[in-house]
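The values are calculated or read from the model by the stated rules, or taken from the named source; none is laboratory data. From a predicted model like this one, the values you see are computed outputs, not experimental measurements. Reconstructed Cβ throughout: ideal geometry from the backbone, glycine too, with neighbour counts over all protein chains shown. Surface accessibility is based on the protein's heavy atoms, side chains included, excluding ligands, DNA and RNA. Shrake-Rupley method; radii C 1.70, N 1.55, O 1.52, S 1.80 Å.
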Amino acid sequence: MLAVQGNASSSGDQTVDPENPTCPAEPNWTSNKKMVLTPVEKNGTKVLIAEGVVDTGLPERLKKTLADNPDIAEIWLRSPGGHARAGNEAGRIIREEGGAMITRIPAGWTCFSACNFVFMGGRARIIEADGDFMVHMFTMTGDRNAINYSIEMGTDSTVELIGEVEQESALLATEDNDFLIRMGVSRKLLTDIMYKQKAIKTDGSDQSTRRCLTKEEALKYNVANVE
């Protein structure tokens with residue numbers, strides 16, 4: 001049986017966001033202002049619970065946590081995103097130092113924006129039923145929603161985020177492309193899905209700024225790869 005089952009758009013247990021109908025109206029991604037890493041035992045397996053904003057200090061903390069807990073077999077993620085490059089670096093650390101690490105988005109949890117790239121660091125990737133891999137226009141050119149959310153959360157990366165929005169977007173797109181190649185994820189995820197999402201709302205009929213992958217899309221682009 002496939003480990004990927006679906007997303008909020010097909011769930012009877014979650015209210016759909018009318019402006020982003022593939023996603024839940026109230027994503028479950030926690031209010032932690034920086035990502036909290038908590039090693040726990042789950043049914044005899046050592047699991048790292050990773051919850052909160054992807055902050056600039058995450059890669060260093062993640063590297064230390066994995067080194068201090070070499071028996072961690074899975075990382076469970078829920079996050080509203082955060083710092084783009086920190087997400088990419090955290091994903092690389094998982095791939096390079098985590099061995100046969102499993103990354104998982106548990107049922108009802110949401111992994112958004114920079115969290116996507118942390119998740120893709122796992123060699124085995126699982127999205128449970130009603131878990132949401134939520135994307136937006138990741139280059140963030142003109143993305144006032146991402147900036148406003150960062151300000152609201154009070155993250156330390158807010159000033160850095162705003163300063164990078166314009167001059168860094170092209171470079172970040174290149175880095176995203178390279179990252180997907182290294183992680184074995186189809187580059188078409190960027191062109192078919194991520195870069196087709198608007199950074200801000202427009203006056204047109206389509207007001208979506210977020211997109212949650214369906215089971216079929218997650219498998220098609222090799223975002224989820226476990227059967």
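Observations on the model:
- The stretch 4-33 - residue that is under 22 Å from Ala90 (Cβ atoms) and surrounded by fewer than 21 Cβ atoms within 10 Å (Cβ to Cβ) and, of those, modelled with the lowest pLDDT: Ser31
- All positions within the stretch 161-188 that are assigned to a helix (DSSP H, G or I), at pLDDT 90 or above and open to solvent by less than 40 Å² (accessible area, probe 1.4 Å): Phe179, Leu180, Met183
- In the stretch 67-82, the residues that are touching a strand residue (DSSP E or B) at 6+ places or on another chain (Cβ under 8 Å) and not in a strand (DSSP E or B): Asn69, Asp71, Ile72, Ala73, Pro80, Gly81
- Enumeration of residues in the stretch 194-227 that are modelled with pLDDT of 75 or more, closer than 21 Å to Pro27 by Cα and part of a loop (DSSP other than H, G, I, E, B): Thr209, Arg210, Leu213, Thr214, Val223, Ala224
- Residue match in the stretch 35-57 (condition: in contact (Cβ under 8 Å) with a residue 24 or more places away in the chain, in contact with a Gly (Cβ under 9 Å, 6 or more places away or on another chain), assigned to a helix (DSSP H, G or I) and not aromatic (Phe, Trp, Tyr)): no
- Restricting attention to the stretch 90-130, the residues that are in a helix (DSSP H, G or I), among the charged types (D, E, K, R) and touching a Leu at 6+ places or on another chain (Cβ under 8 Å) total 1.
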